[in-house]
């Protein structure tokens with residue numbers, strides 16, 4: 001009978017051997033053993049771990065099969081936001097991006113890295129002391145879902161890394177389903193009579209968000225790592241290209257088609273090459289990502305809104321198809337716009353079945369000479385709703401009919417066009433604009449969509465209130481406007497009477513609504529649904545006026561003084577706050593405790609202008625909590641000590657690298673007690 005120590009050694013040897021073969025097969029695509037030989041090793045390891053459970057560890061290859069189902073995903077706070085990318089759709093737009101960043105860098109020499117923009121799901125993977133700790137979705141960029149158990153089943157994600165890796169670090173990557181795996185998965189679903197996935201991205205997203213990780217384990221997901229999020233207590237390379245090579249050395253899978261380029265002209269050549277070869281790729285990609293290579297320059301460029309200045313997605317030309325335009329219908333948007341849309345004969349374009357497409361407005365339809373009954377060209381571009389490009393005139397039979405929005409609308413007994421949703425004689429077309437509007441502020445279509453928009457991820461981010469749920473709440477008379485969401489606690493009994501609604505789902509919904517009360521002011525401004533106000537403009541307004549009340553009292557002159565605000569946006573803001581219905585909503589939000597004021601300006605805060613770096617373990621709170629408290633008081637928190645660092649906060653078991661750098665630069669070191677004094681607004 002083998003001794004426990006001998007068994008442990010054999011288990012460790014088997015794990016090392018299996019991990020080696022996993023790396024060869026799933027990362028390098030260069031297996032060294034047959035499937036049968038691999039299975040024998042795995043079976044032996046499983047047998048030993050079952051017989052000696054005291055030697056089972058979370059990073060064992062046997063743990064990739066998936067844990068038991070979970071009731072719901074937890075939430076992971078991203079230490080640094082996962083930003084979205086700005087887009088360039090032409091060489092001119094790429095050149096404009098390059099010129100902007102070159103100007104900001106004073107003409108400094110820039111080099112780049114390029115990679116494919118894979119159509120998958122962005123994730124953040126955290127490793128602690130050499131072990132995979134957590135894996136999370138991008139979510140809203142600040143918070144994501146904890147899908148660690150599911151990501152453990154993706155065999156190209158290492159469960160452990162070499163001991164010389166940073167003690168704690170995060171990498172970011174794109175989980176995707178290869179084309180071949182997607183086709184196989186849909187064949188299997190067809191045999192079982194299950195609905196087919198529309199495209200590989202939906203299939204990948206659905207796979208990693210299964211509550212039962214064992215389902216995820218059966219799907220051939222893959223990943224490419226595309227950046228280092230952060231690394232503690234260990235110096236990392238100064239360029240993105242070198243960083244990716246470093247991550248490869250730690251066992252992460254990096255796209256072999258990534259390329260280092262010396263100029264924007266070489267970037268264009270890389271793009272042209274892959275436009276021609278895109279169909280040969282084993283995965284779906286809708287463009288390339290261009291990144292400034294020097295990390296120090298990335299930091300100097302920073303970000304604007306929710307997009308990094310130092311990177312851009314250069315999109316491939318749109319994929320097109322042709323089909324018959326059966327009819328043109330009209331929907332009412334949340335701002336009252338009457339939006340024509342095309343109802344099409346279903347057609348598959350790039351793996352997606354398209355039945356409807358955007359038509360923008362009546363002027364655009366006339367300019368393109370699009371008629372009902374036409375064979376039309378449609379395209380998918382920039383991850384937006386499919387669009388009708390134009391008609392195929394050569395296929396006209398003469399039976400096609402021109403479109404008139406006013407003629408298409410229903411009429412009242414006086415023959416006047418009325419809103420298709422509220423039935424009111426309220427159709428207007430403001431001077432100088434191309435859109436028709438329903439001017440009835442109580443139009444149910446607008447009200448329901450305003451509630452949906454208010455709760456959406458980019459606005460108040462109330463989980464559980466999407467298109468379907470907002471419609472249910474509105475149609476049952478439980479919520480007539482956004483402010484009434486915060487009164488749902490009083491209607492708990494009525495909520496429980498809704499179909500497929502239980503105690504737990506109601507509790508989760510009410511908690512999500514309550515949590516949303518402390519969203520930043522910019523989110524609240526965007527959530528109000530003011531015409532022409534997007535996320536970036538909302539942030540500008542929040543910084544300038546610092547409260548809803550002050551914004552509501554701003555004059556047209558005050559608004560126009562802001563560089564990003566033109567006459568159309570200024571008039572839209574004034575019109576919004578003039579409406580009594582909107583003022584009632586704002587009063588309702590205030591009464592409910594929604595935060596309608598911004599904090600004091602950063603320069604007025606106690607830690608303004610001070611930069612902190614933390615090393616070691618803190619007793620009073622986690623490092624992330626400490627960094628958040630520093631930021632709340634106007635300070636900044638960084639990963640590495642530089643000449644700009646004001647204080648190095650030294651906790652228990654500090655890292656030697658940061659201490660050495662602080663001593664070299666003469667940076668002031670403080671302990672946790674002194675940090676607490678600063679956080680309390682006291683002098684040291």
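Below is a table of values for the structure above.
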item	result
Gain upon complete extension [residue 230, residue 561; 0.36 nm per residue less C-alpha separation]	115.3 nm
Full-stretch length increase - residue 664, residue 439 - with 0.36 nm per residue and alpha-carbon distance subtracted	74.3 nm
Cα-based helix-to-principal-axis angle, 240-249 vs the chain, degrees rounded to 10	50
18 Å cut-off, amide nitrogen to a point 7 angstrom out along residue 296 Cα→Cβ, residues in region 76-109	102, 104-109
D (Stokes-Einstein, µm²/s), Kirkwood Cα radius, the chain, 1.002 mPa s at 20 °C	74
Anisotropy class of region 607-679 from Cα gyration tensor, a/c 1.5 cut	oblate
Tensor-based shape of region 411-452 (alpha-carbon gyration tensor, a/c under 1.5 rounded, otherwise prolate or oblate)	oblate
The chain, helix-only ellipticity at 222 nm - DSSP H runs n ≥ 4, -39,500 (n - 2.57), divided by all residues, nearest 500	-10500 deg cm²/dmol
Region 505-546 and region 549-573: distance between their alpha carbon centers, rounded to Å	19
Cα gyration tensor shape of region 69-163, rounded if a/c is under 1.5, else prolate or oblate by comparing a/b with b/c	prolate
Cα-projected label distance for residue 52 with residue 13, points at 7 Å along beta-carbon direction, nm	1.1
Among 586-595, 661-670, the order from most to least packed when residues are scored by Cβ within 10 Å on average	586-595, 661-670
C-alpha center-to-center spacing [region 166-212, region 357-373] in angstrom	36
Principal-axis tilt of helix 503-515 within the chain, Cα atoms, nearest 10 degrees	80
Relative contact order (%) - the chain, alpha-carbon pairs under 8 angstrom, separation at least six	9
Projected label distance in nm at residue 399 and residue 304, using a 7 Å step from Cα toward the beta-carbon	5.2
For peptides 267-274, 109-116, sequence by mean Cβ density within 10 Å, most packed first	109-116, 267-274
Gap separating the Cα centres of region 253-317 and region 80-152, nearest whole Å	10
Spin-label pair residue 263/residue 5, simplified geometry with 7 Å Cα→Cβ offset, distance in nm	6.6
Over region 521-592, relative contact order from alpha-carbon pairs under 8 Å, at least 6 apart, %	29
Segments 177-185, 415-423, 50-58 sorted - mean Cβ within 10 Å per residue, highest first	177-185, 415-423, 50-58
Nearest 10 degrees, 0 to 90: helix 179-191 Cα axis against the chain principal axis	70
Mean separation of Cα contacts under 8 Å, 6 or more apart, over the residue count of region 444-518: relative contact order %	30
Modelled FRET efficiency - R0 41 Å, residue 211 with residue 409, Cβ distances, 0.05 increments	0.35
Nearest-0.05 FRET efficiency for residue 425 and residue 671, computed from C-beta distance (R0 51 Å)	0.10
Bridge type composition, the chain - antiparallel percent by DSSP, nearest 5	85
Förster radius 30 Å - calculated FRET efficiency between residue 515 and residue 546 (Cβ-Cβ, nearest 0.05)	0.85
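Read-outs: derived from the displayed coordinates by stated rules, not from any lab. Fair warning: this is a prediction, and the values are worked out from it, not measured in the lab. Because the Cβ atoms are built from the backbone with ideal geometry, glycine has one as well, and the counts that use them run over all protein chains shown.
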